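Engineer: Okay, here's the structure, questions in a sec.
The values are calculated or read from the model by the stated rules, or taken from the named source; none is laboratory data. Please read all numbers here as calculations on a predicted model, not as lab measurements. In this analysis, Cβ positions are derived from the backbone assuming ideal geometry, glycine residues included, and neighbour counts consider all displayed protein chains. Heads up: the accessible areas ignore ligands, DNA and RNA and are worked out on the full protein's heavy atoms, side chains in. Shrake-Rupley method; radii C 1.70, N 1.55, O 1.52, S 1.80 Å.
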Amino acid sequence: MSLTGMVYRPPYEANSLLLQVTRGCSHNKCTFCHMYPDVPFSVCPMEDVEADIEEAARYCPDVDRVFLEHGDAFVLSADRLIRIADAIHARLPRVKTIAMYASIQNIRHKTDDELRRLRACGIGGLDIGVESGLDAALTYMNKGHTAAEARVQLRRLTDAGIDYSFNAILGCGGAELWRENADATAELINAVQPHLLFIGTLHAEPGCRLYRDIKEGLFRECTFGQLLDEQERLISGLDLKDTIYFGAHPSNVVPMQGRLPEHRQAMIAAVREKREQLRCRLDEYPRRGGEGSILDQ
Ligand code: SF4
């Protein structure tokens, strides 16, 4: 079994079987993205997918979760995804969940009936880069959806019984719009009540448009102080019934995990403690390494 190009997966898919069904990303133009710059999008032939499933059945027959690669495998038609799911269940009978990255646009292109059929064959755990609830940020980041569209499509998923991770990016509004970004993102999250919230912080790698825009002064990143203020404002604005906040990504100034609403005060206290630690450097910009990890705090 071979996977072409760089392979990305969410951290909580570490024990999943990674199965390639597409190459690249069908959108491939988010302003901050550097994941598949040289990988033209294509769909893997079904024979290759079946051969990989066959191989997996020999080497890891007890696997119970599969993550479909690459960037937005949910772009595949419902019929194609159901064919893949049937092939997985036929050879890997312990598999309960077939997860993958998905975009709001991918959901929009499926009917309610198709979503229910996909759920019935084990498809769930979608990992969705919603990024922000602020239209100005979504437009600049070139996500291809508005906040209102995200609200509609995520509710359709919930109605169909499909679980997902809502991925949001702190700093998406830059230095000018961090307050608006926190408020609008909290409002969208509250409206859709995801069970899993994945929080990262904006960072730019060479090769993406955001990197060039920052160098040319067209986009102003948030400072340590602004990122901490935005994180506190976001957490304070969340009104959730039962959501896991997964914010352990190294790009975050305060990596943290918790459950909302139970851990809200502890999470806010952690942000304030970090602000105190960094009180002499709040106007500085984080210096970052791989995956946006902060090198010098
Ligand atoms: S949808 Fe995801 S993989 Fe595709 S360009 Fe945007 S961030 Fe990159």
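Engineer: Report the trypsin sites (Lys or Arg not before Pro) located in segment 223-296 that are in a DSSP loop and have at most 14 other Cβ atoms inside 10 Å of their Cβ, or state none.
Structural biologist: Working: sites: R233, K241, R259, R264, R272, K274, R275, R279, R281, R287, R288; in loops: K241, R279, R281, R287.
For trypsin sites (Lys or Arg not before Pro) across segment 223-296 that sit outside H, G, I, E and B with at most 14 neighbouring Cβ atoms in 10 Å, the list reads K241, R279, R281, R287.
Engineer: Given the DSSP H assignment, sum -39500 (n - 2.57) over each helix run of at least 4 residues in the chain and divide by its residue total; what's the result at 222 nm in deg cm²/dmol, nearest 500?
Structural biologist: Values: 10 runs with 112 residues, N = 297.
One gets -11500 deg cm²/dmol as the mean residue ellipticity at 222 nm.
Engineer: Could I ask something else about it? Please compute, for the alpha-carbon atoms of segment 107-229, the extent along each of the three principal axes and give them in descending order in Å.
Structural biologist: Result for segment 107-229: principal-axis Cα extents of 48, 29, 20 Å.
Engineer: Tell me whether segment 11-285 comes out rounded, prolate or oblate; compute the Cα gyration tensor, take square roots of the eigenvalues as a ≥ b ≥ c, and use a/c under 1.5 as the rounded threshold.
Structural biologist: Values: a/c = 1.91, a/b = 1.65, b/c = 1.16.
Cα axes put segment 11-285 in the prolate bin.
Engineer: Another question, if that's okay. What do you get for trypsin sites (Lys or Arg not before Pro) in segment 68-169 restricted to DSSP loop and a cutoff of at most 16 other Cβ within 10 Å of the site's Cβ? Intermediate results must be reported in sequence, preceding the final value.
Structural biologist: On the way: sites: R80, R83, R91, R94, K96, R108, K110, R116, R117, R119, K143, R151, R155, R156; in loops: R94, K96, K110, K143.
Here the sparse-neighbourhood loop sites are R94, K96.
Engineer: Using a 1.4 angstrom probe on heavy atoms only, work out the carbon and sulfur share of the accessible area of segment 232-297 in %. Could the numbers behind the result be given before it?
Structural biologist: Details: 1810 of 3700 Å².
Whole-percent figure for carbon plus sulfur exposure: 49.
Engineer: Over the Cα atoms, compute the radius of gyration (one decimal) and Dmax (the largest Cα-Cα distance, rounded to a whole number) for segment 164-273, in Å.
Structural biologist: My reading of the Cα-based Rg and Dmax gives 13.8, 43 Å.
Engineer: Under the Karplus relation 6.51 cos²θ - 1.76 cosθ + 1.60, θ = phi - 60°, what is the ordered set of whole-Hz ³J(HN,Hα) values for segment 166-179, x standing for Gly and Pro?
Structural biologist: 8, 9, 10, 10, 5, x, 4, x, x, 5, 7, 10, 5, 5
Engineer: 5 Å is the cut-off here: which amide hydrogens, built 1.01 Å from N in the peptide plane, fall below it relative to L19, excluding neighbours closer than 5 in sequence?
Structural biologist: So L19 has HN proximity to F67, L68, E69.
Engineer: Shifting gears a bit: Normalised by the residues of segment 167-257, what does the relative contact order come to in percent, with Cα pairs under 8 Å and at least six apart?
Structural biologist: Details: 132 pairs, mean separation 37.1, N = 91.
With pairs under 8 Å counted, the relative contact order is 41 percent.
Engineer: Taking the alpha-carbon distance from K110 and a cut-off under 24 Å, which lysines remain once sequence neighbours fewer than 8 residues away in the same chain are dropped?
Structural biologist: K110 reaches K29, K96, K143.
Engineer: Residue by residue, what Karplus-based ³J(HN,Hα) values in Hz, rounded to whole numbers, does segment 76-82 have, using 6.51, -1.76 and 1.60 with θ = phi - 60° and x for Gly and Pro?
Structural biologist: With the stated coefficients, segment 76-82 comes to 4, 5, 4, 4, 5, 5, 5 Hz.
Engineer: With the contact rule set at Cα under 8 Å and sequence spacing of 6 or more, what percent relative contact order holds for the chain? Don't jump to the answer; show the numbers that get you there.
Structural biologist: Details: 561 pairs, mean separation 40.8, N = 297.
Once normalised by length, the contact order is 14 percent.
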